[in-house]
Amino acid sequence: MGSASPLRLALVGGGPGSFIGPVHRMAAELDGAIRLTAGVFSRDAARNAAAGAAWAIAPDRVYSDYRAMIEAEGRREDGIDMVAVVTPNHLHFEVAKAALEAGLHVMSDKPATLDLAQAEALARVVAASGRRYGLTYVYTGYPMVREAREIVARGDLGAVRKVIVEYSQGWLSRPIERDDNKQAGWRADPAQSGVGGCIGDIGVHAFNLAEFVTGTPVERLCADLAAVVPGRVLDDDCNILLRFGGGARGVLIASQISAGARNGLTIKVYGEKGGLTWSHERHTELTLDWLDGPSQVLHAGSPYLSAVAQAASRIPTGHPEGFIEAFANIYRDFARAVGGEAAPLVPGIAEGVRGMAFVERAVAASRDGLGWVELEGAGR
């Protein structure tokens with residue numbers, strides 16, 4: 001593929017009614033490096049065709065089965081280069097595995113797989129394939145999250161002592177999964193979601209964000225998970241104490257029964273000299289509070305930011321970018337990696353394995369009342 005030729009993308013999942021599928025499509029195509037050309041958008045034939053028509057996909061490249069798509073596209077001179085997996089969790093492994101083994105690059109929505117065993121197996125497939133695998137931990141794509149990571153890495157805060165990360169939503173405060181709500185339904189079903197509910201849906205985002213910003217792995221945890229809504233099988237509220245390498249302590253809160261909360265992701269990191277705060281609902285700002293100096297508010301798109309943060313913005317400060325653009329940063333970096341450029345900030349299978357280890361260890365520790373436990377695979 002020449003440098004001027006967009007990567008040809010196929011989506012698996014993401015048809016009518018999906019939240020995250022259209023986000024992947026818009027983000028992938030935003031910078032012109034990737035173009036959606038094929039897909040299996042829904043198991044329902046009518047919905048599948050409707051998605052293909054809405055996105056101007058040639059009818060003969062709208063497939064009913066991902067295996068048939070991979071085989072047929074492999075015979076075309078203009079066949080796909082990569083697959084984005086945007087299905088419920090239980091299909092992530094088999095679709096990614098099939099694509100990688102066919103020589104295709106893969107971008108997957110998180111979590112990487114249904115369980116840790118699958119994640120470890122997928123890591124072996126990725127290594128053997130020689131292809132790129134990316135995971136959309138989208139919050140790592142925000143300019144001010146990347147700036148926060150740079151600030152910590154430079155040592156501006158001194159040694160990190162305390163990390164507080166919270167991701168609170170309220171949309172599952174009632175048992176809407178029983179009312180034919182598809183988005184809630186698969187998340188509440190262990191067969192499709194895995195052993196974790198809230199922890200696997202948004203808790204892994206908080207966990208990944210904490211490790212990304214601090215640059216330090218979590219080594220131990222003490223978890224208290226609960227299914228608060230009566231009759232719900234999987235957790236909908238999580239409270240977890242963390243111990244990081246290097247000695248920092250942390251608190252992780254993930255909840256989908258915090259009535260009135262929308263998408264309240266916030267991280268605070270405190271060091272010897274000061275602290276930083278980033279909130280998703282004010283994502284263009286990064287607040288720095290100093291022990292011996294005045295507080296500062298940094299703004300996305302500003303010329304005083306690090307090169308890494310500036311590269312993640314497309315327009316000048318004061319012109320807000322958001323969720324789609326953060327997603328697009330991951331896709332843009334991924335396309336560059338496929339082209340042979342360095343792209344160290346793209347989450348990959350290592351982050352996928354860690355996320356699944358976190359979910360399984362926390363669920364088991366809470367269920368069995370184990371108290372403090374080691375996070376298996378703590379090394380990065």
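A short reminder: the numbers here are calculations on the coordinates, not readings from a lab. This structure is a prediction, so every number in the text was calculated from the model and none was measured. Every residue, glycine among them, receives a Cβ derived from its backbone with ideal geometry; neighbour counts consider all protein chains shown.
Report, by chain and number, residues whose modeled amide H sits under 5 Å from the one on A84, excluding near sequence neighbours (fewer than 5 apart, same chain).
Answer set, sorted by chain and number: A10, L11, V12, M107.
Which whole-Hz ³J(HN,Hα) couplings does the range 18-25 yield from phi under the Karplus relation 6.51 cos²θ - 1.76 cosθ + 1.60, θ = phi - 60°, glycine and proline marked x?
My calculation for the range 18-25 gives 7, 7, 7, x, x, 4, 4, 4 Hz in order.
Tell me the relative contact order for the chain as a rounded percent, counting alpha carbon contacts under 8 Å between residues six or more apart.
Here the relative contact order equals 19 percent.
Compute the Cα gyration tensor for the range 103-177, then decide on rounded, prolate or oblate, letting a ≥ b ≥ c be the square roots of its eigenvalues: rounded whenever a/c is under 1.5, prolate when a/b is larger than b/c in the other cases, and oblate in all that remain.
Verdict is oblate for the range 103-177.
Would you report the distance distribution of C-alpha pairs in the chain as whole percents per 10 angstrom bin, up to the bin with the largest distance?
All Cα pairs considered, the percentages come to 5, 24, 33, 26, 11, 2, 0.
Measuring from centroid to centroid over Cα atoms, what is the spacing of the range 40-70 and the range 303-380 in Å?
30
Once phi is turned into ³J(HN,Hα) by the Karplus curve 6.51 cos²θ - 1.76 cosθ + 1.60 with θ = phi - 60°, what whole-Hz value does each residue of the range 45-53 show in order, with x for glycine and proline?
Ordered by residue, 3J(HN,Hα) equals 4, 5, 5, 4, 5, 4, 5, x, 5 Hz.
Please give the contour-minus-distance gain from F19 to E281: 0.36 nm per residue of separation, less the Cα-Cα distance, rounded to one decimal in nm. Don't jump to the answer; show the numbers that get you there.
Values: separation 262, 0.36 × 262 = 94.32 nm, distance 1.85 nm.
Between F19 and E281, full extension yields an extra 92.5 nm.
Evaluate the charge dipole of the chain about its Cα centre and quote only its size in Debye, nearest 20, assuming +1 on the Cβ of each Lys and Arg and -1 on the Cβ of each Asp and Glu. Before the final figure, lay out each step's value.
Details: 38 positive and 44 negative charges, 44 e Å.
In debye, rounded to 20, the chain gives about 220.
Among A357, A337, A84, which one shows the biggest mean-square fluctuation in a GNM of the chain, springs joining Cα atoms closer than 10 Å?
The residue with the greatest mean-square fluctuation here is A337.
Please state the shape class of the range 1-104: rounded when a/c is under 1.5, otherwise prolate if a/b exceeds b/c and oblate if not, all from the C-alpha gyration tensor.
Rounded, because the longest to shortest axis ratio a/c is under 1.5.
Would you please put 107-115, 149-157, 34-42 in order of how densely packed they are, using the mean number of other Cβ atoms within 10 angstrom per residue and starting with the highest?
Per-residue Cβ counts within 10 Å, averaged per peptide and sorted highest first, yield 107-115, 34-42, 149-157.
What ³J(HN,Hα) values, in whole Hz, does the Karplus curve 6.51 cos²θ - 1.76 cosθ + 1.60 give for the range 173-179 when θ = phi - 60°, with x put for Gly and Pro?
5, 10, x, 5, 5, 8, 10
With +1 on the Cβ of every Lys and Arg and -1 on the Cβ of every Asp and Glu, and nothing else charged, how large is the dipole of the range 7-138 about its Cα centre, in debye rounded to the nearest 20?
60
Starting from the amide H of G196, placed 1.01 Å from N in the peptide plane, find each other amide H under 5 Å away whose residue is 5 or more places distant or on another chain.
So G196 has HN proximity to no qualifying residue.
For S295 and D44 in the same chain, what is the full-extension length gain: residue separation times 0.36 nm, less their Cα-Cα distance, in nm?
85.0 nm
Hey, can you rank 135-145, 302-312, 71-81 by average C-beta count inside 10 Å, highest first?
135-145, 302-312, 71-81
Could you tell me which of rounded, prolate or oblate describes the range 28-89, using a ≥ b ≥ c as the square roots of the eigenvalues of the alpha-carbon gyration tensor, with rounded for a/c under 1.5 and, failing that, prolate when a/b is larger than b/c and oblate otherwise?
Rounded shape, in that the Cα axes give a/c under 1.5.
If a paramagnetic tag sat 7 Å from the Cα of Q192 along the Cα-Cβ line, which residues of the range 16-38 would have the backbone N under 19 Å from that point?
16-24
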